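Have a look at the structure below, then the notes.
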Amino acid sequence: MPILSKPLLVDILDNESLTRGLGDPEARILVEWLVEEAEELAQQYSNSTLAQEKVTKLCRRGRAIGRFVGLWCQSGSRGSAGQLVAAERFYWPMPDSSADPCEVMQGILLWESEHREYW
């Protein structure tokens, strides 16, 4: 029997660090993706402790993705963004330097959803 996902969502919905440095549209895209992923985790794991650990890991990854998008798109700190990619061992392709922040966020999250084996 799957656990209820609402307790898992608190870590996402009450965590301002996930969206720090992002515009409202990118922040919304990230939070919606995190909520969908957390709900899937709640369906996969009957052990609430294990599900909570997975959501905590997911939030850490989401925070790093949000930081990347903020560095890459908002502050134009491409070097710092590249260092973050290396430090976090992100494997997705680097976005176009002229891409819109929402497009960058959507592209990364689509890749993340299709390549869960990397995290």
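Nothing in this text is a laboratory measurement; each read-out follows from the coordinates by a stated rule. The model shown is predicted, which means the values in this text are computed figures rather than measured ones. Cβ coordinates were reconstructed from backbone atoms using ideal geometry, including for glycine residues, and neighbour counts include every protein chain displayed.
State to the nearest 20 debye the size of the charge dipole of the chain about its Cα centre, where the only charges are +1 on K and R beta carbons and -1 on D and E beta carbons. Please list the in-between numbers first.
Numbers: 12 positive and 18 negative charges, 94 e Å.
It works out to roughly 440 debye.
What residue among 79, 119, 30 has its Cα farthest toward the positive end of the dipole of the range 11-119, where the charges are +1 on Lys, Arg and -1 on Asp, Glu, each on the Cβ?
79
Note down the net charge around residue 103, summing +1 for each Lys or Arg and -1 for each Asp or Glu among other residues with Cβ under 13 Å from its Cβ. Don't skip to the answer; put the middle values down first.
On the way: positive: none; negative: 26, 96, 100.
Combined, the nearby Lys, Arg, Asp and Glu give -3.
Could you work out the relative contact order of the range 6-118? I mean the mean sequence separation of Cα pairs under 8 Å and 6+ apart, divided by the number of residues, in percent.
29 percent
I'm a student and want to see the number: the projected area of the Cα convex hull of the chain, averaged over all directions, in nm².
6.8 nm²
Among 75, 98, 46, which one moves the most in a GNM of the chain with springs linking Cα atoms closer than 10 Å?
Its mean-square fluctuation being the largest, the pick is 98.
By count of other Cβ within 10 Å, fewest leading, how are 91, 45 ordered?
Values: 91 12, 45 18.
Ordered from fewest to most neighbouring Cβ atoms within 10 Å, 91, 45 come out as 91, 45.
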